[in-house]
Amino acid sequence: MAAARARVSLPIFRAKNPSPITESCLRFARLLIIEKHFSSSASTDIPLLQKLLKAPVSRIKATLDSEFSSESTEFPWADLLTSLNSSAPRKANLVIEWKLEKLGRENERSHDSYAQLISLCESIKNLPTAMLVFSSMEAQGVKPTSSVFNALILTSLSSGNMLTALSLFEIMERSEGYRPDSDTYNAFILAYAKSGNQSATEAWLTAKVASGFSADAQTYAFLILSCVKSKNFEDAQRYYEEMMSSGLIPNESVFQNMLLMYCKQRNLSRIKEILKFILKGEYRIDRNMAKKVVDLYLELGLVEELEELLVNLTESDQSSAVLSLFHCSIIRMYADTDRLDDVEYSVGRMLKHGIAFSCSEDVEKVICSYFRREAYDMLELFLERIKDSHKLTRSIYDLLGAGYRRAGLMEKLNMLVNEMKVAGFV
C-alpha cells in the first residue's frame, strides 16, 4: 500500500495516538450524534408500513413483536425503513433498535447479521445508530470483518461524513484481520464519482490497483460517471472505449451516462449507436435518460428518427413509461405541424399497445391542431377514442369551450357545458 499512498493524494485523517477500535468508533458516534439526520423517500406497498405509521412511538417495538415471531431474512427491511424514515425517522430508528435487541437476546455471533443491520442504517443515513450496532457487536464478543467495516464506511458516505469514512479506512489499513478489500475501494470511488471529483476517483482507483485489485466493469462505470459529472467528455469517451476494448461488458449505468453525454453533445450518431447496444443487450432505458433523447429530437424536429426509435423500443422490453414518452412526443410533433393523418394513426397505434396519454398538455396540443384545421368531426372522434383512457381536465374543457365558441358551434358548446356539470366543473 506504500506505493499506492505515494500516488494517492487524499485528505486521510491520521490520529497522533490511535486508540482501540471500539473507542474510535464510539468517539465518532458521540461526535455525530448531534448531526442532522437526512430523510429519503421510497414507495412501497408493504402492509407493515401503514401499521407502523399509525402506531404511537411507544408501540413500535410491540407492533414488530406481534408481526415477527422469528427473523424474516426475505422481508424488504430496507424498503420499509426508507419509506418510514421519510415521514417518521424516530420510528425507523426504533425498528433498527428492535432488530439489534433481538440479536442481543439471541446471542447472535454472526458478523454478517451485524453487517446487514449496519447496512440498514445506511438506508436511513443514520451513522450514530450504525456505530451503536458496531459497539453492540463487539460487546457480544464478535470480531469485526472487512464487510462490517465496509457497511460502516458506506453508512458514513451516505450520511455525507467523508472524514469518518476515511478514518474507518485507516483503522482497516492498520488491522490484520479486516484489511480493505475491493468493495472498500469501490465505496470511495463511487462516492467521489457521484460528486464529480474525477481526480479523487482516479486516485482511489490507482490505490485499488496498487493493492492488488483489478479494475472491473463496475470500476469503469464509476470512472465514466465522474467524467460525465465533471463534464470531461473526452475522458469519458476514452474510458468507455478502453472498457469495450478490454472485453468488459458495460452495465446499465455506463450506457445511461454515455447516452446522457451524447445528448449534451447533440451527437445523434453516437446516440443511435448506444441505443443499439442497449436494445441488443436487453437493457432497460431509464425514463429520465429517454426524456433527454426525446427532448433533443423534439428540439431538432426529427420526428422520422423518433419513429424509428419507437419501433426498436417497442420490440424490446422497455417500460410503459418510456414507451408512452416516445408515443406522446411523436404525436405532439405531428400536432404542432397539423399533420392530422399522422396524428390519427399515431394515437391509434398508441392506444392499440395499451398506452394512454401521460399528460393533458399533449391532449391539448392535439385539440388545438384539430381546431386550426377546423376538423371538428375528427376532433369528436378523437375525444371519443381517448375517453376511456384519459380523464379530461378543467383546462381541456376550457380549451374545448373556447374553440367551440370561436367556431360558432353553439350546440357542441351547450353539450360540453352539460358534460362539465356532470364532471363537477360547473
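The values are calculated or read from the model by the stated rules, or taken from the named source; none is laboratory data. Just so it is clear, the structure is predicted and the values come from calculations on it, not from any experiment. Virtual Cβ from ideal backbone geometry, glycine too; neighbours counted across all protein chains shown.
Looking at region 247-261, is at least one residue crowded, with 20+ Cβ neighbours inside 10 Å and of a type in the set (Ser, Thr, Tyr)? So far as region 247-261 goes, no, none of its residues is crowded, with 20+ Cβ neighbours inside 10 Å and of a type in the set (Ser, Thr, Tyr).
What number of residues in region 237-248 are hydrophobic (A, V, I, L, M, F, W, C) and part of a loop (DSSP other than H, G, I, E, B)? Number of matching residues: 1. When Gly177 is tested against (1) over 26 Å from the mean Cα position of the chain (by Cα); (2) of a type outside the set (D, E, K, R); (3) crowded, with 17+ Cβ neighbours inside 10 Å, just one condition goes unmet, and that condition is (3). Restricting attention to region 204-250, and to residues there that are in contact with a helix residue (DSSP H, G or I) (Cβ under 6 Å, 6 or more places away or on another chain) and among the charged types (D, E, K, R), which single residue is nearest to Pro180 (Cα to Cα)? Taking the candidates together, the pick is Lys208. Among the numbered conditions (1) assigned to a helix (DSSP H, G or I); (2) polar (S, T, N, Q); (3) surrounded by fewer than 17 Cβ atoms within 10 Å (Cβ to Cβ), the only one that Ser346 does not meet is (3). Counting residues in region 158-168 that are among the small types (Gly, Ala, Ser) and under 17 Å from Ser253 (Cβ atoms) gives zero.
When Thr219, Thr201 are screened for being modelled with pLDDT of 95 or more and crowded, with 22+ Cβ neighbours inside 10 Å, only Thr201 passes.
One residue stands out among those in region 263-293 that are among the small types (Gly, Ala, Ser) and closer than 17 Å to Glu315 by Cβ: the one that is surrounded by the most Cβ atoms within 10 Å (Cβ to Cβ), which is Ala290. Across region 115-158, the number of residues qualifying as of a type in the set (Ser, Thr, Tyr) and within 19 Å of Tyr185 (Cβ to Cβ) comes to 7. State which residue is surrounded by the fewest Cβ atoms within 10 Å (Cβ to Cβ) when the search covers only region 129-165 and only residues that are of a type outside the set (D, E, K, R) and in contact with a His (Cβ under 9 Å, 6 or more places away or on another chain). The qualifying residue surrounded by the fewest Cβ atoms within 10 Å (Cβ to Cβ) is Thr145.
For (1) aromatic (Phe, Trp, Tyr); (2) under 22 Å from Arg332 (Cβ atoms); (3) outside any helix (DSSP H, G or I), each residue gets a yes or a no:
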residue: Pro250; (1), (2), (3): no, no, yes
residue: Val254; (1), (2), (3): no, no, no
residue: Met258; (1), (2), (3): no, no, no
residue: Leu279; (1), (2), (3): no, no, no
residue: Val294; (1), (2), (3): no, yes, no
residue: Leu310; (1), (2), (3): no, yes, no
residue: Leu313; (1), (2), (3): no, yes, no
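The condition of being among the basic types (Lys, Arg), surrounded by fewer than 15 Cβ atoms within 10 Å (Cβ to Cβ) and assigned to a loop (DSSP other than H, G, I, E, B) holds for only one of Lys391, Lys421, that being Lys391. Tally up the residues in region 349-363 that are touching a Leu at 6+ places or on another chain (Cβ under 9 Å), aliphatic (A, V, I, L, M) and not in a helix (DSSP H, G or I), please. Total meeting the criteria: 1. Per the listing Glu374, Glu411, the residue uniquely more than 29 Å from Gln318 (Cβ to Cβ), touching a residue at least 12 places away in the same chain (Cβ under 8 Å) and exposed (fewer than 12 other Cβ atoms within 10 Å of the Cβ) is Glu374.
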